[in-house]
Amino acid sequence: MQSRILLIYTGGTIGMNRNPQTGALEPFDFEHLLYNVPELAQFDTQIETYQFSPPIDSSDMTPARWTDLSHCIADHYERYDGFVVLHGTDTMAYTASALSYMLENLTKPVIFTGSQLPIGQLRTDGKENLITSIEIAAAKDAEGRAMVPEVGIYFNSHLMRGNRTTKQSAEEFNAFESFNYPHLVEAGVNITYHRDRILRPLWDQPMKPHFRLDNNVIIFSLFPGIREDLIRHIIHTPNLKAIVMRTFGSGNAPQSPWLLKALKEGTQGGKVIVNISQCMQGAVEMSRYDCGWHLQEAGVISGRDQTVESAVTKLMFLQSHYPDDPEQVRRLMQQSIRGEITER
């Protein structure tokens, strides 16, 4: 039986043409996809398309758009065997992370992909990314179950877990990497599925979509010379519920008394402050150095080896479910609920 794939175009470079007058990239009608990628007609897969109207630059992505995307997948979930989402690269890791939390017990693939060059250009990376993403989204095992029942990002011959992935380059075709978790799928001459790395859902239970997010959260990075008045202004912002604090190395911060006092004031006031390393690879280990211990004493929690994209979208998700229970948010932020943290 033919697999059915829904191809969702949100916007991004992959679906753009260059305006002959201005030279700027602009979206085109995605119904012209088959004209640009005639290879899709060779698939033994039924491919249908859905386009955001109007398509958006990924820099304009918002939690409201993530909710739209969650609704789109939930509304079409029973009709299709898998979903491929074409998305701009700049915020793709944020969207993939958000959707991993919003689509609970996912039993079908949701594969995000895009390109660094428009799909109509000669040297585009979009064709291979799109074709292989569709093949992975349609793949089933001997029991007829999806080979990759989770949210992933496919780029440059690799499929990575969506909430483990970060954009690493604005110029190379190898635009994304999952620094703290190995690739789920390698696509060379053959497509190799690493089944032991892929999430296993409860096959006999339905997928449970979620449509609420609370974006009362902010990200800030520590740096030498950071000012007390600015930090205090952020921490005491009205309605702010959570902070993703990007620290040095394995989760270290200056031992300035004013900083520790300000952080403690924030956590005692009910704010959730999550410690995420500025390093691309490695984990926060707050017991490793003395300055990490002081952060713990101030009520800061460890984000372990989560990406910034994962941490901020997870906070939005949890805050919407536990709006008056910061302790529950703190507890779940330190646990893996969608494979976003390496279990020890």
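The values are calculated or read from the model by the stated rules, or taken from the named source; none is laboratory data. Quick caveat, the model's predicted, so the values are computed rather than measured. Cβ coordinates were reconstructed from backbone atoms using ideal geometry, including for glycine residues, and neighbour counts include every protein chain displayed. The protein model used for the area step is the full one, side chains on, heavy atoms only, and it has no ligands, DNA or RNA in it. Shrake-Rupley method; radii C 1.70, N 1.55, O 1.52, S 1.80 Å.
The table for this structure:
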| item | result |
| --- | --- |
| Residue that is most open to solvent (accessible area, probe 1.4 Å), among those in the range 222-237 that are free of Cβ contacts under 8 Å to residues at least 12 places away in the same chain and among the charged types (D, E, K, R) | R227 |
| Residues that are polar (S, T, N, Q) and touching a residue at least 40 places away in the same chain (Cβ under 8 Å), drawn from the range 78-94 | T89 |
| Residue check, F173 open to solvent by 40 Å² or more (accessible area, probe 1.4 Å), closer than 30 Å to G266 by Cβ and touching a residue at least 40 places away in the same chain (Cβ under 8 Å) | no |
| Matching residues, the range 39-67, being part of a helix (DSSP H, G or I), open to solvent by 60 Å² or more (accessible area, probe 1.4 Å) and under 26 Å from M147 (Cβ atoms) | E39, A41, Q42 |
| From the options R164, R195, residue that is of a type in the set (D, E, K, R) and open to solvent by less than 40 Å² (accessible area, probe 1.4 Å) | R164 |
| Every residue from the range 183-219 that is in contact (Cβ under 8 Å) with a residue 60 or more places away in the chain and outside any loop (DSSP other than H, G, I, E, B) | K208, P209, V217, I219 |
| Residue match in the range 145-163 (condition: among the hydroxyl-bearing types (S, T, Y), part of a loop (DSSP other than H, G, I, E, B), in contact with a Ser or Thr (Cβ under 7 Å, 6 or more places away or on another chain) and touching a residue at least 12 places away in the same chain (Cβ under 8 Å)) | no |
| Residue check for E150: open to solvent by less than 40 Å² (accessible area, probe 1.4 Å) and out of contact with any Phe, Trp or Tyr (no Cβ under 9 Å at 6 or more places or on another chain) | yes |
| Matching residues, the range 258-305, being open to solvent by less than 20 Å² (accessible area, probe 1.4 Å), assigned to a loop (DSSP other than H, G, I, E, B) and not acidic (D, E) | V284, M286, A298, V300, G303 |
| Residue match in the range 112-124 (condition: under 12 Å from the mean Cα position of the chain (by Cα) and crowded, with 18+ Cβ neighbours inside 10 Å) | yes |
| Considering residues of the range 315-337 that are acidic (D, E) and within 15 Å of D214 (Cβ to Cβ) only, the residue surrounded by the most Cβ atoms within 10 Å (Cβ to Cβ) | D325 |
| Residues of the range 83-100 classified as open to solvent by less than 30 Å² (accessible area, probe 1.4 Å) and either part of a helix (DSSP H, G or I) or on the phi > 0 side of the Ramachandran plot (or both), total | 8 |
| Number of positions in the range 200-221 that are closer than 30 Å to M245 by Cβ and open to solvent by less than 60 Å² (accessible area, probe 1.4 Å) | 7 |
| Residue in the range 68-79 that is more than 17 Å from K167 (Cα to Cα), buried (at least 18 other Cβ atoms within 10 Å of the Cβ) and of a type in the set (S, T, N, Q) present | yes |
| Given (1) of a type outside the set (G, A, S); (2) in contact (Cβ under 8 Å) with a residue 60 or more places away in the chain; (3) in a loop (DSSP other than H, G, I, E, B); (4) closer than 20 Å to F220 by Cα, index of the condition K314 fails | (3) |
| Where a residue in the range 325-338 is within 15 Å of S100 (Cβ to Cβ) and its partner, wherever it lies, is loosely packed, with under 13 Cβ neighbours inside 10 Å, with Cβ under 6 Å and at least six apart | S336/E343 |
| Some residue of the range 132-142 being assigned to a loop (DSSP other than H, G, I, E, B), touching a strand residue (DSSP E or B) at 6+ places or on another chain (Cβ under 6 Å) and free of Cβ contacts under 8 Å to residues at least 40 places away in the same chain | no |
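So that you can scan it fast, the table gives a plain yes or no per residue for (1) open to solvent by less than 80 Å² (accessible area, probe 1.4 Å); (2) part of a helix (DSSP H, G or I); (3) hydrophobic (A, V, I, L, M, F, W, C); (4) out of contact with any Asp or Glu (no Cβ under 6 Å at 6 or more places or on another chain):
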position	(1), (2), (3), (4)
Y181	yes, no, no, yes
N239	no, no, no, yes
V244	yes, no, yes, yes
S250	yes, no, no, no
